[in-house]
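The values are calculated or read from the model by the stated rules, or taken from the named source; none is laboratory data. Source: prediction; values computed, not measured. Cβ coordinates were reconstructed from backbone atoms using ideal geometry, including for glycine residues, and neighbour counts include every protein chain displayed. All accessible areas refer to the heavy atoms of the entire protein, side chains included, with ligands and DNA or RNA removed. Shrake-Rupley method; radii C 1.70, N 1.55, O 1.52, S 1.80 Å.
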Number of protein chains: 6
Amino acid sequence: MNEIGIVRRNIQRAERAAVECLARFGSATVHEAMGRVGLMKPYMRPVYVGAHACGTAVTVLLQPGDNWMLHVAAEQIRPGDVVVAACTADCTDGFFGDLLATSFRAQGAVGLVIDGGCRDVGDLAAMQFPVFSRAISARGTVKATLGSVNIGVVCAGASVQPGDVVVADDDGVVVVPAGTAARVAEAAAAREANEADKRAKLAAGVLGLDMYKMREPLAKAGLKYID
Amino acid sequence: MNEIGIVRRNIQRAERAAVECLARFGSATVHEAMGRVGLMKPYMRPVYVGAHACGTAVTVLLQPGDNWMLHVAAEQIRPGDVVVAACTADCTDGFFGDLLATSFRAQGAVGLVIDGGCRDVGDLAAMQFPVFSRAISARGTVKATLGSVNIGVVCAGASVQPGDVVVADDDGVVVVPAGTAARVAEAAAAREANEADKRAKLAAGVLGLDMYKMREPLAKAGLKYID
Amino acid sequence: MNEIGIVRRNIQRAERAAVECLARFGSATVHEAMGRVGLMKPYMRPVYVGAHACGTAVTVLLQPGDNWMLHVAAEQIRPGDVVVAACTADCTDGFFGDLLATSFRAQGAVGLVIDGGCRDVGDLAAMQFPVFSRAISARGTVKATLGSVNIGVVCAGASVQPGDVVVADDDGVVVVPAGTAARVAEAAAAREANEADKRAKLAAGVLGLDMYKMREPLAKAGLKYID
Amino acid sequence: MNEIGIVRRNIQRAERAAVECLARFGSATVHEAMGRVGLMKPYMRPVYVGAHACGTAVTVLLQPGDNWMLHVAAEQIRPGDVVVAACTADCTDGFFGDLLATSFRAQGAVGLVIDGGCRDVGDLAAMQFPVFSRAISARGTVKATLGSVNIGVVCAGASVQPGDVVVADDDGVVVVPAGTAARVAEAAAAREANEADKRAKLAAGVLGLDMYKMREPLAKAGLKYID
Amino acid sequence: MNEIGIVRRNIQRAERAAVECLARFGSATVHEAMGRVGLMKPYMRPVYVGAHACGTAVTVLLQPGDNWMLHVAAEQIRPGDVVVAACTADCTDGFFGDLLATSFRAQGAVGLVIDGGCRDVGDLAAMQFPVFSRAISARGTVKATLGSVNIGVVCAGASVQPGDVVVADDDGVVVVPAGTAARVAEAAAAREANEADKRAKLAAGVLGLDMYKMREPLAKAGLKYID
Amino acid sequence: MNEIGIVRRNIQRAERAAVECLARFGSATVHEAMGRVGLMKPYMRPVYVGAHACGTAVTVLLQPGDNWMLHVAAEQIRPGDVVVAACTADCTDGFFGDLLATSFRAQGAVGLVIDGGCRDVGDLAAMQFPVFSRAISARGTVKATLGSVNIGVVCAGASVQPGDVVVADDDGVVVVPAGTAARVAEAAAAREANEADKRAKLAAGVLGLDMYKMREPLAKAGLKYID
C-alpha cells in the first residue's frame, strides 16, 4: 500500500531506436503526434536558453526540501536516461546543482526534469547539462526523509512511468509511454513531412482558411463578415 | 495510442464496505493512513462550507472550456460514485452548475471533484451537492471537443483510476486506489483510535516533546537551549 | 489624450426597468444571456458569504495604493449605483472600508466592485454592504495622485463604461452594456424559463445525452464506447 | 553565525496591559496606528469565519515539510501567547492540526499564525482555536530537521521578534513591536474615537470631499470636471 | 448584443507616419508619453530576447483552447499590422506556432501579441518573428468555436480597438489609440530629447534630488535625516 | 514608533575585505556557508542573463507605485554599495530605469535589488548595470509619499539591515549580516575547496551514495530495493 521507500532496479526502458527517432522532433510535434496528451504544465522551463533533451525516464519521488533520493537515483541511471523528479508537495528549493549534474552525467544521464527548483544554473549552462525545472533557487536541501525511485509518478501534471520517453525543449516537456514510442515517432515523422508543404504554401500567401478548407464550417457555425 | 475519445463502461469499483468504512474518516487521516501519498493540490477547495464526500471515482478528461464529457459521464454514474474531472489544460471556466448537479444526483452521484471551475454555487449549497473545485466562475462552456470517460487521469496533481475511492472534505481531496481501500480504512481506524488517547494527554498538559520522546533525537540533532 | 484627472458628471445610466429586471437573475444566467462576454476574472470574490448586487456603474480609475478617487466618486453616486473601481496597476491594498461604505450607502450606492483590496470586512458583512474584490487587506492607502471618475475602464479583465449594469453574486461579476440591458434581461428570462423544465427532466433521470440530443454528434466526432 | 538549531527560553514579552488594550482593536486600526508598517501579506487568512486573536509572539522557524519545531515551541508557550511560525521556504503542507491545537491551548496559547498550511480546520473551528495560514492542506509533515524557536523571523513578509504583539482578524495580521505596544494602543484608541464622529457625518450624507477638505488639493492637482 | 461571431473587414488604422514615428521609441517612453495608461499587464513577455514590434492592431477574440479565429484573422492582415489576440478566459495553450507565423508574415504582419500561449519559440526566434505572450506551451488547440476579429477587446488588462498602435518590446506592450498616435509620438519625442540632458547630468554626479528640486517637497512631507 | 519618513546617513558597512572575499563566491555557496538562512524568495531574478553583484546594502522602503525614495537613496550611496529596495505592499511597477541606473552608478553603486518592477532592461543590459527584480514593467511611478532609507527592511522575504552584504547572481540573492561577513566568507571558501575534490570523484563515476556514506542511513530509514 505504501509507495514510499522503494527503489525498483529493473525497469523496462523504451526501445533505443524509438528514442532516437523521437529525439529528432520537438516537444510540440511529439505532443501532437500523441493526440495531445502527456504534456507537463507550462511552468516547466529550461534553465538555460537552448536546453533540450530526449531519453528514457528514471523516475524519482522527492519529499519537499529533501534531495536524498536524487543520490539514490544516480545509481539507477543508464546511458541515455533522463531523470524525472516529482515531489510530494510543491517546493521550489534547489534540489539539484552542478555536483549532482556531474554525477548524473558520469552515469550516462542526458538531462533532468524536476518539478522543483534547481541551482548552479550558470555551471549547468557551461556544462550544457539540460535541466527543466519549475524554479531556480540557491536554497539547498536536506537528506532526511525517504521517497522512491522508479515508481510511477505525477510530475508537473503528467503521469510518468519509469522507462517512458521524455522529450524536453524550449516549448515544454512531453512524456511518451514506452509501449507507444515507436508509433508516436512514426506519427511525428508523418506530421513533420506534412508541415513542410503547408509552410511553403502559407509562405506563398495561401491562407489557412483555404488550405484547411475552413470557410464552409465557419459559415455554418454562423461567422458574419461586416464591412 | 490515443487516450482521447474513449468511454469505458465497465469499471472495477472499490468494495462498498471499504468505501463506507473510509467515509467515517477525514481526508487528513486517510492521507496519513496511506503513507502520505494520493493527495490533490491544496488549491482544490469545497464550494460551500461543510461540503464533504466519499465515493468511487468515475473519471472524466475534459478539454479546456468544454464540458461535453460531463454529459457523457452522467450515464456512467452508479449510486455512490464521485465524478472526478481532470482537464487537459489549466482552465477555470464554470464547467458544472445546478443542472448537471441535478442530473448527477439523479444518477446516484454523491459529489464532484473538478480541476476546473464550477458555477451556481449558491444552488449547490442549497442542494447540498458537494463540489470541490479549483475555481468558481460564472463562465459557461461549449460542447465541441471529445475527451474521455473512465480512463486514468491526473487531477490536481493526483493520479486517479476509475473505481478508486475519493475522500473529500474541508482539508482536501485524497485518492485511495481501489485495491488498497480496505487496508487503508483499517490503518485509518487504527490511527484514529490512537489519537483519542494522545489528545487527552496533550489536553492535560503533557508535551509532545515527552509523549513522542523527542528530547533525545532533538539533542542529538544539535538543538541548543539559550536562556 | 490623457484619461487621467477627469470626472464626468453626466452619465447615461441604463434604464431602471432593465436594471430591476436583471436583478432577478444570477451572474451565470446573465453571462449566458449576453453570449458569454462581459465577465470579470474569477479572482473577484464577495467579501462575505451571500453578498450580491445589481446596479448601474459609476466607474473609478485608481492609482496603486491611493484611494483618493473613491472620495471623488462618492459625489457622483446616484441611488441604485454600483461603484466599479479599476486600478492602473495590480494592487491588493485595502482601498475601501466601513467609513467609505457608510458614505457610499448614504449617497445611494448598492455595492462596490473593486479590482484591489478591501478592509473592515466584518463591518461590511454586519452592514450587509456588498463588496466584490480581488483581495482583503488591512493596509490603508494614501490620497496623493489623481485618477479619474466615470471614464471607460478595464476592471478585472472586463471593459466597463459608466452607466453599464453590473450583476455580482457568488458566481462572479458580469457587466451588461447600458444599451443592451433590456434585451439581455429578456434573454435571461427566456433562458431561465427554459431551465425549470430541463431541471425537472434531469431530476427524473433523463440524461443530458438524450435531452440535448448529443449521441449523434458524439458518435460523429468519433467517441468510442469500450466494455 | 547560524540561526538554526536554537531555542531561546527567556524572552521579553510586551506588557500585558498593552496587549489587552490592543485586543480591543481590529488589525486595520492597529496597522494605521503604527503608521502603516508591520502588516503580513494578505495571503494570510483565517481558517474559519470569525477567527481573531491577539497575544504575544512565540516565534518558530520551520523547515519545509517539517513541523518538529512546533513541538519544541509548545514548551515555550506562556498564557496569552500567539505562536508565529515562519518557514525557510514557501510550503503549504499541513504543519498543524487539532492535536497540536489541543497541546498549544493546554499551554495557554490563544492562536497560531503560520506562513504554511494547516489541517483539521473543521476541528479547529469547533474548538474555536484561531489559526491564520497561507493554505489549508491535509498533508502531514515529518520531524527530521532542526529550525529554531524564539529568534527573529520573517513571517509572510513581516519581521517578528519574540514577545511582539500580534493582532489577527479577518482583515489580516499585524505585528506590533513589544516596545511600542502601549503607544500603538493609545494611537489606535485615538483613531477609533475619531472614527465614530466621521461615520455619523458620512451616514448623514456629508461627503468625504468636504469633511476631509479635499476639494482644494484635488483642484490644485489638476482634477477636471466635465459635464 | 452578441460580440461573438463577427469579422469586421474595414477598420481605420492609425496613420502610417505616426506609427513610424512611434516605432522609434520604447514601450516605457510611449507609456509615459500617454500619461501612464494603455499598458498591458507585465506577465506579457517576449518569447525571445530582443523581440520588438510596432504596428497597427488587427484584434482577435479567441475561445480557450481554440485558435480558429487566428486563421480568420490572417485574411484581415495588411502590411505593418500587429495581431492582438485576447481570449474569453485565461488560457496558456499554444495557440500560435511557426506555421501561423509564416502565414502572418506572408500577409504582412510584423508581430503578434497574445494573451495566451505560444509554441515553436525556437523557430520564431530563428525567423525573428516577434511574439509577446503570457506563456510558452507545446499544447495545440482545436478549431471548433467562433470568436471574433476586429472588435474591441481587452488583452492582458488593456483595451484595444482595431487600428490602434501597439508598441511592444522587452519592457512591455503599450496600446496607443489610433486617434492620438500622432500626438503621443510628439510627446514621446519631447520626452526623449529631455532625457539625454538629464542622463548627462546624472552621469556627472548631479543628484536627482537637486536636478528635480525634490529637497523642499521632501522636507515639507516630513522627511527626517538622522546621523 | 513610526519607521516611515526617515533617512539614516551614517551606517556601518561590512568590512571591504570581507565583501571582496564574498564576491568570489556564488549565491548558492554563500547561502550554504550561512547555514541556509538569508535567501530572498526565488521570484527575484536578474533582468539580463549574466547579471551578478556583490556589495554593501543601502536599504530603501518604497510605497507602492512611488519611487521618490530611490532618489533620496542615491545620495546615501557610497562606492561598492548595492541598493536594496523593499516595498510596503506587493507592486510590479517599473520603479527603476536607465536614468536612475546612470545616477546610481555615478554615485558608486554596483547594483540594485528591488522587490518591485524595473524598466529599460535593454539599456540596463547594455550598461551592464545589474538589477534583480520581481518583475519587468514599463509602468512609471509617482513621487508623492514618503518611505525611508537605511532602516531595517524585509525584501522578498529576507531581513536586510543597512550595511549587510548582498550577493546576487543567476541562482538568487543572499543577504549576509555585516557582522558575520568575514566568517561566512571563510566558510564559503572552505566549502568551495571541498567541492573540487567531490566534483572530480563524481565525474570519475563514484556515486554520492558511497562518497557521502548514505547506504547505511538509507537502509536504516527503511529503503527497500526491488528487482
Sorted by chain and then number, the residues having a modelled amide H within less than 5 Å of the amide H of F:ALA135, at least 5 places away or on another chain, are F:GLY116, F:CYS118
Label-point separation, F:ALA219 to E:ASP227 (7 Å along Cα→Cβ), nm:
7.0 nm
Given the rotation relating A and F, tell me which residue in A puts its Cβ closest to the axis and the distance in Å.
A:VAL49, 4
If R0 is 45 Å, what FRET efficiency do you get for F:ASP197 and E:ASP210 from their C-beta distance, rounded to 0.05?
0.25
Label-point separation in nm, E:GLU15 to D:ARG9, each point 7 Å along Cα→Cβ:
8.3 nm
Where the accessible area of chain A is counted over protein heavy atoms with a 1.4 Å probe, how much of it, in %, is carbon and sulfur?
51 percent
As a percent rounded to 5, the proportion of antiparallel DSSP bridges among beta bridges in the stretch A:60-118 is 10 percent
Helix F:98-107 vs. chain F, principal-axis angle (Cα, 0 to 90°, nearest 10):
80 degrees
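Can you give the average number of partner chain beta-carbon atoms within 10 Å of each beta-carbon in peptide C:91-99, as a whole number?
Working: counts 7, 7, 10, 8, 0, 0, 6, 5, 8.
Mean shielding by partner chains, rounded to a whole number: 6.
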Take every DSSP beta bridge with both residues inside the protein assembly as shown and express the antiparallel ones as a percent of the total, to the nearest 5.
45 percent
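Just list whichever of B:LYS224/F:LYS201; C:LYS198/E:LYS143; B:LYS41/D:LYS143; B:LYS213/F:LYS220 have alpha carbons separated by over 26 Å in the model shown.
Numbers: B:LYS224/F:LYS201 35 Å; C:LYS198/E:LYS143 29 Å; B:LYS41/D:LYS143 22 Å; B:LYS213/F:LYS220 19 Å.
Violating the 26 Å limit, Cα to Cα: B:LYS224/F:LYS201; C:LYS198/E:LYS143.
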Please work out the C-alpha center-to-center distance from the stretch F:84-119 to the stretch C:9-72 and express it in whole Å.
37 Å
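Average the reciprocal distances over every distinct pair of alpha-carbons in the stretch E:110-220, invert the result, and give the Kirkwood radius in Å. Intermediate values should be presented prior to the final figure.
Numbers: mean 1/r = 0.0552 Å⁻¹.
Hydrodynamic radius (Kirkwood, Cα pairs) of the stretch E:110-220 is 18.1 Å.
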1.4 Å probe accessible area per residue over the stretch F:70-227, in Å²:
32 Å²
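Determine the sum of side-chain charges near B:CYS91: Lys and Arg each +1, Asp and Glu each -1, restricted to other residues whose C-beta is under 10 angstrom from that of B:CYS91. Spell out each step's value before the answer.
Working: positive: B:ARG134, B:ARG139; negative: B:ASP66, B:ASP90, B:ASP93, B:ASP115, E:ASP90, E:ASP93.
The answer is -4.
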In sequence order, what are the phi-derived ³J(HN,Hα) couplings for the stretch B:42-59 according to the Karplus relation 6.51 cos²θ - 1.76 cosθ + 1.60 with θ = phi - 60°, rounded to whole Hz, with x for glycine and proline?
x, 6, 7, 10, x, 7, 9, 5, x, 4, 7, 7, 8, x, 8, 7, 9, 9
May I ask what percent, to the nearest 5, of DSSP beta bridges between residues of the stretch A:87-227 are antiparallel?
55 percent
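Over the stretch D:128-227, calculate the relative contact order: mean separation of alpha carbon pairs under 8 Å at least 6 apart, over the residue count, as a percent. Walk me through the intermediate numbers first.
Details: 43 pairs, mean separation 11.0, N = 100.
Rounded, it is 11 percent for the stretch D:128-227.
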Residue by residue, what Karplus-based ³J(HN,Hα) values in Hz, rounded to whole numbers, does the stretch F:108-118 have, using 6.51, -1.76 and 1.60 with θ = phi - 60° and x for Gly and Pro?
x, 5, 10, x, 9, 10, 9, 7, x, x, 9
At E:ALA126, label 7 Å along Cα→Cβ: distances to the other copies, nm, ascending?
3.0, 3.0, 5.9, 6.3, 6.7
The stretch F:1-137 - Rg and Dmax from Cα coordinates, angstrom
14.5, 43
Using the per-residue mean of other Cβ atoms lying within 10 Å as a proxy for protection, in what order, highest first, do the peptides E:188-198, D:148-158 fall?
D:148-158, E:188-198
Which distances in nm, rounded to one decimal and ordered from shortest, link the label point of C:GLY152 to the equivalent label points in the other identical copies, with labels set 7 Å from Cα toward Cβ?
0.2, 5.1, 5.2, 5.2, 5.3
Mind checking the angle between helix A:181-203 and chain A's longest principal axis? C-alpha axes, 0 to 90 degrees, to the nearest 10.
40 degrees
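With a 10 Å radius around each residue's Cβ, average the other Cβ atoms per peptide and rank D:109-118, F:66-75, highest first. Mind showing how you got there, number by number?
On the way: D:109-118: 26.4, F:66-75: 24.7.
In descending order of packing, they fall as D:109-118, F:66-75.
For chain E, what relative contact order do you get, as a whole percent, if you take Cα pairs closer than 8 Å and at least 6 residues apart?
On the way: 507 pairs, mean separation 68.1, N = 227.
It rounds to 30 percent for chain E.
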Looking only at other chains, what is the average number of their beta-carbon atoms within 10 angstrom of each beta-carbon in A:128-140?
5
Roughly speaking, what is the centre-to-centre gap between the stretch A:138-162 and the stretch E:196-227 when only Cα atoms are used, to the nearest Å?
53 Å
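Report the rotationally averaged projected area of the stretch F:1-56 based on its alpha-carbon convex hull, in square nanometres.
Details: hull surface 25.4 nm².
The orientation-averaged projected area of the Cα hull of the stretch F:1-56 comes to 6.4 nm².
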Among C:VAL165, C:VAL84, C:ALA187, whose Cα lies farthest out toward the positive end of the dipole of chain C, if unit charges sit on the beta carbon of Lys, Arg (+1) and Asp, Glu (-1)?
C:ALA187
Surrounding net charge for D:ARG36, when Lys and Arg each add one and Asp and Glu each subtract one, Cβ distance under 14 Å
-2
Using only protein heavy atoms and a 1.4 Å probe, how much accessible area in total is buried between C and F, to the nearest 100 Å²?
700 Å²
Restricting things to alpha carbons, tell me how big the protein assembly as shown is in terms of Rg and Dmax, in Å.
30.2, 82
With the label 7 angstrom out along Cα to Cβ, how close does A:ARG191 come to the same site in each of the other copies, in nm, nearest first?
3.6, 4.1, 4.3, 4.3, 5.8
